[in-house]
Amino acid sequence: MEFNDGLVRRYARRMAGRPPSVSARIKEPARTLEVSCFLRYCLLTATDQLIFMVQRRVADLWRHCADGVASSLDWAQQYQELLRSSSSTKTSRLAPDCPSPI
């Protein structure tokens, strides 16, 4: 049987909000449904918290690693330097009396 999240949350909060002695007096099909919804809601909540904690830890590790690295590379500047060096090697390889291909 599949329930949407709102219904699971409602049953779980209903059970969590009353004393165990009252829950013990509820008839069997309804009690089983509420207990299963409560356990599912607790599991989903705990899983969400764990995922959030892992995301924060990963972000913290990335930040810590980025602090230890020197300034990042400027890829545009490196590309322009590569183009300049490759054009200078092309012109230096040409014979002095040959016209430039460009």
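Quickly work out the ASP74-to-VAL54 label distance, labels modelled 7 Å from Cα along the C-beta direction, and quote it in nm with one decimal.
Label-label distance for VAL54 and ASP74, simple model: 4.0 nm.
Mind putting a number on the dipole of the stretch 1-65 about its Cα centre? Charges go on the C-beta only, +1 for Lys and Arg and -1 for Asp and Glu, and I need it in Debye to the nearest 20.
In total the dipole reaches around 260 debye.
Every number here is computed from the coordinates shown, using simple stated rules; none is lab data. As the structure is a computational prediction, the values presented were derived from the model and not from experiment. Here the Cβ is made from the backbone with ideal geometry for all residues, glycine too, and neighbour counts use every protein chain on show.
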